[in-house]
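One structure below.
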Amino acid sequence: MLKVEEWAEIRRLHKIEGLSQRAISRRLGLNRRTVAKALASPEPPHYQRSARGSILDPYKPKMHALLAEDPKLRAVRILELIRDDGYPGKISIVRDFVREIRPLYQPQPVFLRMEYQPAEYAQVDWAEMPDPVLWQGHLCKVYAFMLVVCYSRLLYLEFSLGTKLWDFLRCHQNAFLAVGGVSKACVYDNLSSVVKRRRGTDITLNETFRHFAGHYCFQVHPCWPGEPNQKGAIEKPVDYVKGNFWAGRVFADYRDLQHQGRHWQDHIANVRLHAITRERPADRFLAEKQALLPLPPTRFDTDWLLSPKVSKQCLVRVDTNDYSVPPTCYRQPVEVRVDDKAVHILLRGEQVAQHARCYGRHQVIIDRDHYQAIWESRTMKRFTVLKRGFLTAYGLVGHRFYEGLSRRTDLVTTALSQLLELEQIYPHQDILDALEAVMRQGSYDPAAVKYWLMFASQPSRPPPTPVPNTAQIPVEERDLHVYDGLIGGVR
């Protein structure tokens with residue numbers, strides 16, 4: 001077959017150099033008929049392979065018919081249907097052919113731009129930010145709660161470290177308070193904080209969120225799944241926040257992020273010239289604010305309420321983290337209220353503990369005062385047991401000794417332990433006699449009792465003399481030169 005380069009050279013030699021077909025044939029070593037054919041053809045030669053048949057060919061008409069009836073029919077289902085007709089191949093070529101012909105039966109959608117009336121709609125969405133932010137020593141994921149008032153395109157932005165129902169309600173309520181009113185309807189996708197269950201048009205709303213909507217008197221409008229165009233006013237701000245606010249900024253921590261976010265919202269996002277309305281959202285909102293529904297006189301309780309059990313370590317668990325409580329809470333029904341900043345622990349309506357909310361996972365947050373109280377209670381319990389045992393064992397003698405002991409020392413627990421340990425060495429009656437003997441001498445020291453018992457156990461020795469007080473022992477006065485001589489003289 002003649003190559004494209006040869007076709008081009010033949011034409012050049014004939015048109016430019018004026019060579020005859022015979023001369024071109026001799027120069028290029030080609031047949032004269034080939035040269036004549038190249039000069040007669042305005043297009044270069046091209047090779048076209050003859051079409052090969054495919055095992056899918058007999059089934060293509062049925063595939064066209066199936067997609068004409070249902071353009072969204074999946075390739076897996078089409079494979080099952082044509083296998084009933086004897087198709088022997090695999091799914092790969094079925095998928096390729098379905099991908100090729102589906103656009104013929106499923107035209108690309110087109111959308112109409114929505115026009116909103118003042119206070120008619122607001123649209124709400126979450127967005128996960130690209131990078132974590134430092135908070136409480138941990139790098140935490142950050143989420144942006146966004147609400148757009150559709151007529152004015154006014155944007156409310158708040159960052160959150162969680163996306164639970166109570167985080168969502170708190171941010172939502174803060175948005176209403178910041179805007180100063182409520183739109184007649186709010187549009188959402190099918191997030192679990194709003195939609196509990198959906199089967200086609202049968203929608204069951206989250207009960208707590210339904211209560212929240214009733215408190216603020218707005219209509220809830222969940223979008224159809226997979227149709228983000230139904231809330232297009234909020235989809236663009238998601239990209240706007242990530243691209244215009246987040247990109248190229250550095251945040252010292254979560255608190256700094258909140259501060260920068262509020263500044264950007266008020267001084268950039270809501271005072272820019274909007275691409276659709278051709279007005280600044282802040283200016284356009286002045287006309288919309290009058291049409292908003294008024295705020296109710298009371299706020300909705302957005303705290304997360306829990307009733308966890310108190311463990312033997314005096315800890316309660318909140319979202320994988322453990323928080324300490326006073327020992328008086330053990331085996332008691334406590335209530336936990338969680339907001340975005342703190343964890344409040346209440347017993348019978350009174351707050352008994354408060355901790356900063358931890359956004360890490362599997363952490364233990366301890367107030368050491370709680371464990372100091374546990375230590376003191378254990379010490380008191382041990383003292384009570386020792387005192388009861390001592391008084392029971394030694395009767396009236398023990399009561400008199402305890403009274404004198406408690407007046408003369410603060411280490412009563414140690415003293416009682418030392419006296420009770422003597423029971424393992426000496427007979428009980430000997431200890432009683434020793435207690436009476438040292439009390440007659442005006443002493444209430446366990447060391448004196450032990451000293452007496454050491455000699456009382458040896459009858460051949462005379463009773464020991466009372467141990468004198470160190471202040472009563474006479475000391476010989478000596479000349480200081482004696483000591484100087486002992487240490488080598490005065491230097």
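All of 391, 405, 422 fail the test of being modelled with pLDDT under 85, farther than 30 Å from residue 330 by Cα and of a type in the set (A, V, I, L, M), apart from 405.
Just one residue in the set 61, 71 is in a loop (DSSP other than H, G, I, E, B), at pLDDT 85 or above and within 30 Å of residue 97 (Cβ to Cβ); that residue is 71.
Yes or no: region 146-163 includes at least one residue that is under 16 Å from residue 258 (Cβ atoms), of a type in the set (S, T, N, Q) and touching an Asp or Glu at 6+ places or on another chain (Cβ under 8 Å). Within region 146-163 (the criterion being under 16 Å from residue 258 (Cβ atoms), of a type in the set (S, T, N, Q) and touching an Asp or Glu at 6+ places or on another chain (Cβ under 8 Å)), the answer is yes, since at least one residue qualifies. Does residue 259 count as more than 24 Å from the chain's Cα centre (by Cα), exposed (fewer than 15 other Cβ atoms within 10 Å of the Cβ) and in a helix (DSSP H, G or I)? Here the answer is no, as residue 259 does not meet what is asked. Among the residues of region 331-341, are any at pLDDT below 90 and under 24 Å from residue 141 (Cβ atoms)? Yes: region 331-341 contains one or more residues that are at pLDDT below 90 and under 24 Å from residue 141 (Cβ atoms).
Filter region 14-35 for residues that are of a type in the set (A, V, I, L, M, F, W, C) and out of contact with any helix residue (DSSP H, G or I) (no Cβ under 6 Å at 6 or more places or on another chain) and give the result. Working first, answer last.
Of the residues in region 14-35, the ones of a type in the set (A, V, I, L, M, F, W, C) are 16, 19, 23-24, 28, 30, 35.
The answer is 16, 23, 28, 30.
Being farther than 30 Å from residue 76 by Cβ, touching a residue at least 24 places away in the same chain (Cβ under 8 Å) and not assigned by TED's automatic domain parsing to the domain that holds residue 280 narrows it down to one residue among 116, 156, 151; which is it? Sole residue among the options that is farther than 30 Å from residue 76 by Cβ, touching a residue at least 24 places away in the same chain (Cβ under 8 Å) and not assigned by TED's automatic domain parsing to the domain that holds residue 280: 116.
Restricting attention to region 394-436 and to residues that are over 59 Å from the mean Cα position of the chain (by Cα) and of a type in the set (A, V, I, L, M, F, W, C), the residue that is surrounded by the fewest Cβ atoms within 10 Å (Cβ to Cβ) turns out to be 396. Scanning region 254-261 turns up no residue that is of a type in the set (Ser, Thr, Tyr) and out of contact with any strand residue (DSSP E or B) (no Cβ under 6 Å at 6 or more places or on another chain).
The values are calculated or read from the model by the stated rules, or taken from the named source; none is laboratory data. In this text the structure is predicted, and so the values were computed from the model without any measurement. With ideal geometry, Cβ positions are generated from the backbone for all residues, glycine too; neighbour counts draw on all protein chains shown.
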